[in-house]
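The structure under discussion appears below in the form of structure tokens.
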Amino acid sequence: MIQIRKHERKDIPFHVKWFNNFKVNKYLGDKLGEKTSLKKEKKWFSNYELAKNKKFFTICDKSKPIGLVGISNINPINKTADLFIAIGEDNYHGKGIGKDTMLWIIDYGFNTLKLHKLKLAVIKNNIPAVRLYHSLGFILEGEIKKENYYQGRYYSLLLMAIFNKSKK
Ligand SMILES: CC(C)(COP(=O)(O)OP(=O)(O)OC[C@H]1O[C@@H](n2cnc3c(N)ncnc32)[C@H](O)[C@@H]1OP(=O)(O)O)[C@@H](O)C(=O)NCCC(=O)NCCS
């Protein structure tokens with residue numbers, strides 16, 4: 001059973017560990033496989049604290065932080081936002097935690113923030129993530145072909161979205 005709590009400054013060292021793990025960072029961001037540093041992550045957190053259009057949370061096993069989930073680019077007019085998830089600790093993959101966490105953040109986006117549409121972009125070859133999003137009811141909105149270069153080849157991105165059924 002996981003716990004999800006507010007993302008805090010004390011979690012920054014975990015960013016560095018997780019986002020330097022190639023099993024995680026090969027699927028994240030505009031520059032796949034990009035390494036990070038304590039300095040970069042401190043800067044990210046300082047910007048995050050000032051931002052009004054983002055909400056991030058730490059996924060924990062008891063008190064141990066194991067990953068990060070968040071909503072960004074919250075658009076109060078369109079009521080849309082982008083989702084992010086990364087389980088940073090290898091031995092927590094494939095245990096249903098991604099699914100439980102996504103159910104939680106979707107509920108938060110639709111029922112707390114009252115959003116209408118939640119979106120994400122996923123590397124087409126990220127089989128666990130694509131399977132997870134399909135199983136949660138995300139639909140495919142498009143494919144951006146051969147967008148991201150990583151270790152000698154290009155990867156395509158799938159644009160996926162889920163809609164709040166209680167809104168017209
Ligand atoms: C993608 C990620 C969040 C999935 O979380 P998870 O806890 O590992 O996945 P779950 O155990 O909840 O399983 C989710 C689905 O993927 C499937 N799955 C999990 N691991 C798999 C694997 N190695 N191969 C194929 N399918 C797999 C499960 O069967 C499940 O499908 P189902 O709902 O149809 O049963 C997690 O692996 C992760 O953080 N990866 C690194 C960062 C990343 O890729 N983030 C997403 C960027 S868009």
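Centre-to-centre separation between the Cα atoms of the range 19-34 and those of the range 87-158: 14 Å. Evaluated at q = 0.12 Å⁻¹, the base-10 log of the normalised Debye intensity for the chain, with identical point scatterers placed on the Cα atoms, takes the values -0.54. Across the chain, Cα pairs under 8 Å and at least six residues apart give a relative contact order of 19 percent.
Here, each number is a calculation from the coordinates, and none is a lab measurement. It should be emphasised that the depicted structure is a prediction, and the values quoted were computed from it without experimental measurement.
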